[in-house]
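A quick write-up on the structure given underneath.
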Amino acid sequence: MDAEGFLMADKERFMKRCLELARKGRTSPNPMVGCVIARQGRIIAEGYHEKAGGPHAEVQALKKAGKKARGAVMYANLEPCCHHGKTPPCTDAIIKAGIKNVVCAMRDPNPRVSGEGIRQLKAAGIRVELGLMEKQAKRLNEAFLRYIPSKMPFVLMKAAVTLDGRIATSSGDSRWVSNEASRRTVHRLRDRYDAVLVGIGTVLKDNPRLTCRIREGNDPIRIIVDSKLRIPLDAEVLADDNVMIAATEACDSKKKARLEARGIGVTVVNSGRRVDLYRLMQMLGELRIISVLVEGGAGINASALEAGIVDKVMFFIAPKMIIRGKPVTEGKGPKLMKDALQLNRIRIRMVDDDLLYEAYLK
């Protein structure tokens, strides 16, 4: 028990609750933040940042706590903001409410805040504790942490593969490699990511919709990498205008005009034969798209890895072997094993009888 009478188990319980609350928000391009106000081992108020431009988690919790906030302890998974944006500084509200201690999991990477929010709280006589469950907090906001310093989106490559590394049979059949529980997990990813990206090969072969099929889920922006605009005008993915097609100057100009007349954006990325994926990510960052889920085939997977845009991979490995078939990536690749891409921060878990392998690229 520390000097304030809180057991570490209580502190971790409160911070876990902050992370649970934070996940409820739809805040892109802002971070997900949850807040708990506690007194004598009990939660007296909580809140979370619901959407960009709306009240921040700390302000929500303080409003619910009212006068009970004076002398209490506040928990948040991110350093409170200290600048005027679409909402006033949270630090001002915390100081005015009479909060005694603030426990936050991590510093805000935004240069306008980083460390300054903590400094202002300390200057007002508030005790600040930093670093509780920092690893979990960083994982929650990994897209924000990638975007802020680089202005590039966080890119997750997802693939469903057999045990012998195939994503489809020799005839091209890929329904279904993974099990139903794994497919539900993918739809939850679509719900959380700003955009989902595939190559034109996937559209021509599978004719997917690429929507989020969970109750009250959000559809991501669908990005189709299609250098020459081979996409059929009746493709399922073009059912609405929540689509961006990335092409090159070699694309069919008449088809481009027809697509744009339907409200479908066609972005010319570069003049080469293939879409420059690195430049595409820069352009998405300029649009404040901070997370992209790559769900492509072997070609787009290889291109994304070669372009160096992939931050994380999630492979759903099914207990199946098909001997001959489509590999998860195809292309030249390195000639020597020492030049292979290295992965770290590996997590492995079962999703029913599929094995989910998660890792980050160095």
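Assuming 1.306 mPa s and 10 °C, estimate D for segment 103-183 with Stokes-Einstein, Rh taken as the Kirkwood radius over Cα pairs, in µm²/s. Stokes-Einstein gives a translational diffusion coefficient of 96 µm²/s. Annotation: lysines with alpha-carbon distance below 24 angstrom to Lys228 (same-chain offsets under eight excluded): Lys205, Lys254, Lys255, Lys256, Lys326, Lys332.
Skip the ligands, DNA and RNA, and give the accessible area per residue of segment 1-100 with a 1.4 Å probe, whole Å².
Details: 4850 Å² over 100 residues.
So segment 1-100 comes to 48 Å² accessible per residue, rounded to a whole number.
The Cα atoms of segment 306-362 give a gyration tensor whose axes a ≥ b ≥ c have a/c of 1.5 or more with a/b no greater than b/c, which makes the shape oblate.
For segment 138-152, backbone phi angles converted through the Karplus equation (6.51, -1.76, 1.60; θ = phi - 60°) give residue-by-residue couplings of 5, 5, 4, 10, 5, 5, 4, 5, 6, 6, 4, x, 10, 6, 10 Hz, Gly and Pro being listed as x. Accessible area per residue was computed with a 1.4 Å probe on protein heavy atoms; Cys81 scores about 10 Å². Measuring nothing but how far apart in sequence close Cα pairs (under 8 Å, 6+ apart) lie, relative to its length, the chain scores a relative contact order of 15 percent.
Before I look further, what does segment 144-187 give for accessible area per residue, probe 1.4 Å, in whole square angstrom?
Details: 1900 Å² over 44 residues.
Accessible surface, normalised per residue, equals 43 Å².
Between the Cα long axis of helix 8-22 and the first principal axis of the chain there is an angle of about 50°, rounded to the nearest 10. Using Cα pairs under 8 angstrom and six or more residues apart, how large is the relative contact order of segment 7-135, in percent? Computed value for segment 7-135: 20 percent relative contact order.
Largest first, the three principal axis extents of the alpha carbons in segment 62-205 are 68, 29, 25 Å in whole numbers. In order along segment 258-264, the Karplus-derived 3J(HN,Hα) couplings, from 6.51 cos²θ - 1.76 cosθ + 1.60 at θ = phi - 60°, round to 5, 5, 5, 5, 8, x, 9 Hz, and Gly and Pro are given as x. In units of the compact-protein estimate 2.2 N^0.38 Å, segment 1-84 shows a Cα radius of gyration of 1.07.
Of all beta bridges DSSP finds with both residues in the chain, what is the antiparallel percent, to the nearest 5?
Working: 26 of 63 bridges.
Approximately 40 percent, going by the DSSP bridge assignments.
When the solvent-accessible area of the chain is split by element, carbon and sulfur atoms take up 50 percent of it, the probe being 1.4 Å. So what's the angle, to the nearest 10 degrees on a 0 to 90 scale, between helix 298-307 and the longest Cα principal axis of the chain? Tilt relative to the chain: about 60 degrees.
The values are calculated or read from the model by the stated rules, or taken from the named source; none is laboratory data. Note that the coordinates shown come from a computational prediction; the quantities given were computed from them, not determined experimentally. What goes into the accessible areas is simple: the full protein's heavy atoms, side chains included, and nothing from ligands, DNA or RNA. Shrake-Rupley method; radii C 1.70, N 1.55, O 1.52, S 1.80 Å.
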